[in-house]
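Below is one structure, written out as structure tokens; the observations come after it.
The values are calculated or read from the model by the stated rules, or taken from the named source; none is laboratory data. Small disclaimer: the values here were computed from a predicted structure and weren't measured. Positions of Cβ are backbone-derived with ideal geometry, glycine not excepted, and every protein chain shown enters the neighbour counts. Side chains are part of the model used for accessible areas, which takes the heavy atoms of the whole protein and leaves out ligands, DNA and RNA. Shrake-Rupley method; radii C 1.70, N 1.55, O 1.52, S 1.80 Å.
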Amino acid sequence: MSDKGFVLWFTGLSGAGKSTLAECLVPVLQERGRNVEVLDGDVVRTNLSKGLGFSKEDRDTNVRRIGFVANLVARNGACAITAAISPYEAVRKECREMVDPNRAEFIEVFVEAPLAVVEERDTKGLYKKARAGEIKNFTGVSDPYEAPSSAEIVVHTGDESIEESVGKILSYLEARQLVPGATV
């Protein structure tokens with residue numbers, strides 16, 4: 001197994017399952033000997049990006065901050081999992097370029113779920129508010145989401161179980177020798 005750090009960059013619509021997948025992966029990665037930090041979009045926005053709004057410029061600043069911290073974690077041999085919508089491909093590319101491939105890997109994980117599925121899940125009621133015009137610049141409704149053109153991993157949470165999606169991610173990490181295989 002490599003001792004190289006890595007960034008698992010989860011991107012997808014609100015409600016696609018980014019935070020859920022991160023929560024499921026943390027204990028598994030820790031059991032397999034990896035130190036893990038999760039940079040959840042909601043938590044980062046509250047602590048590191050307080051005061052930023054939802055304009056394109058503010059969203060880009062927030063995502064760049066997440067990318068900067070993820071790089072710091074990964075270049076020190078740990079796993080940084082980001083779970084933020086990160087709707088714009090150009091800024092995700094900037095974050096990828098922050099990571100020195102000699103010290104860490106950047107792995108984009110597209111958490112794909114159709115808009116109808118995430119609107120049906122809508123545990124926070126955000127889509128309903130966005131459709132009613134109460135939330136402006138809402139990704140997927142009144143603001144664009146640019147799906148990754150070449151993500152290393154794509155999980156389809158609209159029709160895969162969480163276990164299947166986690167399995168795909170772990171298989172990729174095992175193949176790249178970033179985590180050891182499961183022991184029986």
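Worth a mention:
- In the context of the full set of protein chains, the chain has a per residue accessible area of 50 Å² (1.4 Å probe).
- Test item: Cα-centred dipole of region 137-179, Lys/Arg +1 and Asp/Glu -1 on Cβ, debye: 140
- Cross-link reach list, lysines versus K136, counting only Cα pairs under 28 Å and skipping chain neighbours closer than eight places: K18, K50, K56, K93, K124, K128
- Estimated [θ] at 222 nm from DSSP helical runs (n ≥ 4, -39500 (n - 2.57)) normalised by residues in the chain, nearest 500: -12500 deg cm²/dmol
- Apportionment of accessible area to carbon and sulfur, region 57-184, percent (1.4 Å): 51
- All Cα pairs of the chain, percent lying beyond 31 Å: 13
- Here the convex hull built on the C-alpha positions of region 80-184 has a volume of 128 cubic angstrom per residue.
- 12 Å beta-carbon shell around S2, net charge (K/R +1, D/E -1): +1
- Computed E for S150/K56 - FRET, C-beta separation, R0 22 angstrom, nearest 0.05: 0.45
- Kirkwood-type radius of region 121-165, with distances r between different C-alpha atoms, in Å: 12.7
- Computed E for D42/D3 - FRET, C-beta separation, R0 35 angstrom, nearest 0.05: 0.70
- Computed Rg/Rh of region 18-107, alpha carbon atoms with Kirkwood Rh: 0.97
- Farthest toward positive dipole pole in region 53-153 [+1 Lys/Arg, -1 Asp/Glu at C-beta], among F68, L126, A78: L126
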